[in-house]
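Notes follow the structure.
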Amino acid sequence: MSTELMLAAFLIGVGLCIAGAGTHLYQGFAKQQAMLRYDGKSYVSAMGNVLMSFVCGPYIMLQMGWRHEEGGTMSMTSALVSAVVAFGWAFITGLLFMGMYVAIRF
């Protein structure tokens, strides 16, 4: 059972690393803030935004959970919900990218 737990933690770690690196690369190259969105000037641009949102989504969700509310306070509920969603999303992202790596490598 501990092997499966470690594998899940590894996949979440891989997903968060890819999401964080992808977010910073996107913000550096596109010169705009990475957001969860599906709009675009054309169909290709909209699909690029959807792909960016899928890959970078866990990191963006973690950042959204740490935003301050009125009065400089932080809501623990939004932080916990965003963390649960982000880690679940990071598992899916990590599983996707590790699956592609294993399929190409072996």
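Ligands, DNA and RNA left out, the accessible area of the chain computed with a 1.4 Å probe is 73% carbon and sulfur.
Given a Förster distance of 22 Å, report the FRET efficiency between residue 45 and residue 25 from their Cβ-Cβ distance, rounded to the nearest 0.05. After rounding, the FRET efficiency stands at 0.80. Its relative contact order, with pairs defined as Cα atoms under 8 Å and 6+ residues apart, puts the chain at 36 percent.
When the helices in the chain are scored as -39500 (n - 2.57) per DSSP H run of 4 or longer and the sum is shared across all residues, what 222 nm value do you end up with, to the nearest 500 deg cm²/dmol? Before the final figure, lay out each step's value.
Working: 3 runs with 82 residues, N = 106.
Calculated mean residue ellipticity at 222 nm is -27500 deg cm²/dmol.
Might you tell me the accessible area per residue for the chain, computed with a 1.4 Å probe and given in Å²? Each step should come with its number before you reach the end.
Numbers: 7460 Å² over 106 residues.
Accessible surface, normalised per residue, equals 70 Å².
Answer with a single label: of (1) 9.1; (2) 6.1; (3) 8.8, which was calculated as mean projected area of the Cα convex hull in nm² from the structure in view? Computed from the coordinates, mean projected area of the Cα convex hull in nm² corresponds to (1). Among 9-17, 88-96, 72-80, the peptide with the highest mean count of other Cβ atoms within 10 Å heads the list, and the full ranking is 88-96, 9-17, 72-80. A Cβ-based charge dipole, computed about the Cα centre of the stretch 1-101 with Lys and Arg at +1 and Asp and Glu at -1, lands at about 300 debye.
Once all protein chains are placed together, residue 64 keeps about 80 Å² accessible to a 1.4 angstrom probe.
The values are calculated or read from the model by the stated rules, or taken from the named source; none is laboratory data. No experiment lies behind these values; they were computed from the predicted model shown. Glycine gets a Cβ as well: all are built from the backbone with ideal geometry, and neighbour counts include every protein chain shown. We work out accessible area using only protein heavy atoms, side chains counted, and drop any ligands, DNA or RNA first. Shrake-Rupley method; radii C 1.70, N 1.55, O 1.52, S 1.80 Å.
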